[in-house]
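Data first, discussion second: the structure below is written as structure tokens.
The values are calculated or read from the model by the stated rules, or taken from the named source; none is laboratory data. Please read all numbers here as calculations on a predicted model, not as lab measurements. FYI the Cβ positions are ideal-geometry reconstructions off the backbone, even for glycines, and counts take in every protein chain you see.
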Amino acid sequence: MRNNKQVRVRIPATTANCGPGFDTLGIACTLYNEVALELTGPAGQVEIGVSGEGAETLPTNSRNLVLRAVRTVLDKVGETQTGIRLSLVNAIPLSRGLGSSSAAIVGGLTAANAIVGNRFNQAEILDMATEMEGHPDNVAPALYGGFTISVMTGGQVTCLRLPLPQQLKLVVCIPEFRLSTHKARQAIPTMVPHKDAVYNVSRAALLVGALTSGNLDCLGEALNDKLHQPYRSSLIPGMPEIFAAGRAAGAMGVAISGAGPSLMAYTAERPQAVGEAMVAAFAAKQIVSRYLCLDVDYEGAKVVESA
Ligand code: HSE
């Protein structure tokens, strides 16, 4: 039963891993893509318009990720005899570690679910999104907003959403070059020493405790990682220097955002100074970058218009 013919959904960018929480932790940020979906025209007809980030490069055929997510929902409810019109307005840069593919997936699933009368609950949408993305740490905060802890059991996600201290600011430094998640995942070994696993378990626990109790002084230690960042360092020239520059300018800690190459500083003060210091440190390695000062998004994917 279709409730609406058109919907527009806003989806936040996300920063995953948050240092030691590989494939587990994620935070939604105040940077957004929009997906407008209309079911119209004869079956099989598809129109996709893209503006903003990826306007020149994103596919506008059956490979488009938003379209694939829309079709996942429509197929499940048997709504296959319809044309699909999509208009995508993207502010989240592609292949920079800010969850652009998760935003596409969650946007498509949420828009299609709204159009079919919310036949699926949020947990079901999260499971579908995770199956499409391969891991839950970006799709969970993109869907729910806030700070999320996601655990996989078989194909199902158990997700906790927690509030963060109000004074926490996120400063992301985005280099001009792209890094595919596939390539960044290939850099990680399949086996790690037990002591490195212990190193990460302790810091992930400390990070969740620090963020939820407001003991932000622990963040410098808590954001450290041995499961992925050391292996990805060679893919992000100057990474240790940029971490150091962000901290020297006032950040409590810095981590790779998702699979990179963007680097995320966690700070309670002087966000601009932190961003400028990180951009200067990238520039010292002949890499052009820019920074954004972001807050935590608590709304997640949201229908902003329906008709
Ligand atoms: N946890 C993922 C990774 C996030 O680090 O590969 C990127 O999608």
Residue within segment 167-184 that is in the same structural domain as Ala204 (by TED's automatic domain parsing), surrounded by fewer than 21 Cβ atoms within 10 Å (Cβ to Cβ), over 13 Å from the mean Cα position of the chain (by Cα) and free of Cβ contacts under 8 Å to residues at least 60 places away in the same chain present | yes
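Could you check how many residues of segment 230-281 are hydroxyl-bearing (Ser, Thr, Tyr), over 20 Å from Gly214 (Cα atoms) and more than 15 Å from the ligand (Cβ to nearest atom)?
Residues of segment 230-281 that are hydroxyl-bearing (Ser, Thr, Tyr), as a first pass: 231, 233-234, 257, 262, 266-267.
Narrowing further to those that are over 20 Å from Gly214 (Cα atoms): 231, 233-234, 257, 262.
The next check asks that each one be more than 15 Å from the ligand (Cβ to nearest atom); those that pass are 234.
Total meeting the criteria: 1.
Considering segment 32-59 alone, what residues qualify as being among the β-branched types (Val, Ile, Thr), surrounded by 13 or more Cβ atoms within 10 Å (Cβ to Cβ) and within 22 Å of the chain's Cα centre (by Cα)?
We begin by selecting, within segment 32-59, every residue among the β-branched types (Val, Ile, Thr); these are 35, 40, 46, 48, 50, 57.
Adding the requirement that they be surrounded by 13 or more Cβ atoms within 10 Å (Cβ to Cβ) leaves 35, 40, 46, 48, 50.
If the condition is that a residue be among the β-branched types (Val, Ile, Thr), surrounded by 13 or more Cβ atoms within 10 Å (Cβ to Cβ) and within 22 Å of the chain's Cα centre (by Cα), then Val35, Val50 are the ones that fit.
Can you tell me which residue in segment 62-110 is nearest to the chain's Cα centre (by Cα), limited to those that are of a type in the set (D, E, K, R) and more than 16 Å from the ligand (Cβ to nearest atom)?
Filtering first and then ranking leaves Arg68.
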Close pairs (6 angstrom Cβ cut-off, 6 or more residues apart or separate chains): under 19 Å from Thr40 (Cβ atoms) in segment 58-74, surrounded by 15 or more Cβ atoms within 10 Å (Cβ to Cβ) and among the polar types (S, T, N, Q) anywhere = Val73/Asn113
Assess whether Tyr266 counts as being hydroxyl-bearing (Ser, Thr, Tyr) and not in a helix (DSSP H, G or I).
-> yes
Taking the residues in segment 128-146 that are surrounded by fewer than 24 Cβ atoms within 10 Å (Cβ to Cβ) and closer than 21 Å to Arg63 by Cα as candidates, determine which candidate is farthest from the ligand (Cβ to nearest atom).
-> Met128
Is segment 98-116 home to any residue that is in contact with a Lys or Arg (Cβ under 9 Å, 6 or more places away or on another chain), of a type outside the set (Gly, Ala, Ser) and outside any helix (DSSP H, G or I)?
-> yes
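Out of Tyr298, Tyr291, report the one residue that is in contact with an Asp or Glu (Cβ under 9 Å, 6 or more places away or on another chain) and either modelled with pLDDT of 95 or more or not in a helix (DSSP H, G or I) (or both). Give the steps one after another, and end with the answer.
Details: Tyr298 fails: in contact with an Asp or Glu (Cβ under 9 Å, 6 or more places away or on another chain).
Tyr291 is the lone residue from the list that is in contact with an Asp or Glu (Cβ under 9 Å, 6 or more places away or on another chain) and either modelled with pLDDT of 95 or more or not in a helix (DSSP H, G or I) (or both).
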